[in-house]
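Peer 1: This is the structure I want to talk about, given as structure tokens.
The values are calculated or read from the model by the stated rules, or taken from the named source; none is laboratory data. Keep in mind that what you see is a predicted model, and the values were worked out from it rather than measured. We place every Cβ from the backbone using ideal geometry, glycine too, and count neighbours over all the protein chains shown. The accessibility values were calculated without ligands, DNA or RNA, using every heavy atom of the protein model including side chains. Shrake-Rupley method; radii C 1.70, N 1.55, O 1.52, S 1.80 Å.
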Amino acid sequence: MRRKTSSPDAALAEAAKVPGTARKKAAVAGPKKTAVKREAVQPDLLTNMLTVITTSLDEDKGEDIVVLDLVGRANFADRMVIATGLADRQISAMAHHIEKKLNEIGIKRILIEGANGSDWVLIDAGDVVVHLFKPESRELYGLERMWGADLDGSEDEVAVGQDEKQD
């Protein structure tokens, strides 16, 4: 005999009707919806952060540097920077240089994942998220396709450090 639980939340009430384990019911209910919104970052600080990051990547010979505008599409950051490095050591060095330069301008809480020899390094600087890939991994994960301007038809994608000649 199953016990039905009453809950003020409609999703939880629907989940209680679904046969199965508590885990299945939680999956049906989905994530809890919270009304937590990030505070908007100061435009000058965001511009300064992007300048530091893209300049650092360009100095470290990062390839195909792309800046994506996430405002209105994601609540975890305002911008995403994607770049390619050819070797693990290059990608690791790019990550550490970005961290050092952001610390110099006062951005202290920077999280880096995968910097110890990985095909993909993630740098979370709060309002800007940086992904550093090897070419094969960048193609495999396709973050530009997932978050780029092609997704919703807007022109928010900006290429940085590209030659003016386009074939």
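Peer 1: Rounded to the nearest percent, how much of the accessible area of the stretch 56-112 (1.4 Å probe, protein heavy atoms only) is carbon and sulfur? Kindly include the intermediate steps, with their values, before the conclusion.
Peer 2: Working: 1430 of 2920 Å².
Here carbon and sulfur together make up 49 percent of the probe-accessible area.
Peer 1: With a 1.4 Å probe and all protein chains in place, put Ile105, Ile123 in order of accessible area, largest first.
Peer 2: Most to least solvent-accessible, the answer reads Ile105, Ile123.
Peer 1: If you don't mind, there's one more thing I want to ask. Please list Leu102, Leu140 in order of solvent-accessible area, largest first, computed with a 1.4 Å probe with all protein chains present.
Peer 2: So, going from the largest accessible area down, we get Leu140, Leu102.
Peer 1: Take the alpha carbon gyration tensor of the stretch 36-116, find the square roots of its eigenvalues, order them as a ≥ b ≥ c, and report rounded if a/c is under 1.5; if not, report prolate when a/b exceeds b/c, else oblate.
Peer 2: Here the stretch 36-116 falls in the prolate category.
Peer 1: Related question: Between the stretch 57-86 and the stretch 97-115, what is the separation of their alpha carbon centroids in Å?
Peer 2: Distance between centres, Cα-based: 15 Å.
Peer 1: Provide the FRET efficiency to the nearest 0.05 for the Glu136-Asp44 pair, computing r from the beta carbons and using R0 = 41 Å.
Peer 2: Working: r = 37 Å, r/R0 = 0.91.
So, using R0 = 41 Å, E works out to roughly 0.65.
Peer 1: Any chance you could run the full-extension gain for Arg23 through Glu59? It's 0.36 nm times the residue separation minus the Cα-Cα distance, nm to one decimal.
Peer 2: Length gained, Arg23 through Glu59: 8.1 nm.
Peer 1: May I pose another question? Using the basic label-point model (7 angstrom from Cα toward the beta carbon), what is the Glu113 to Phe76 distance in nanometres?
Peer 2: Spacing of the two 7 Å Cα→Cβ label points: 0.6 nm.
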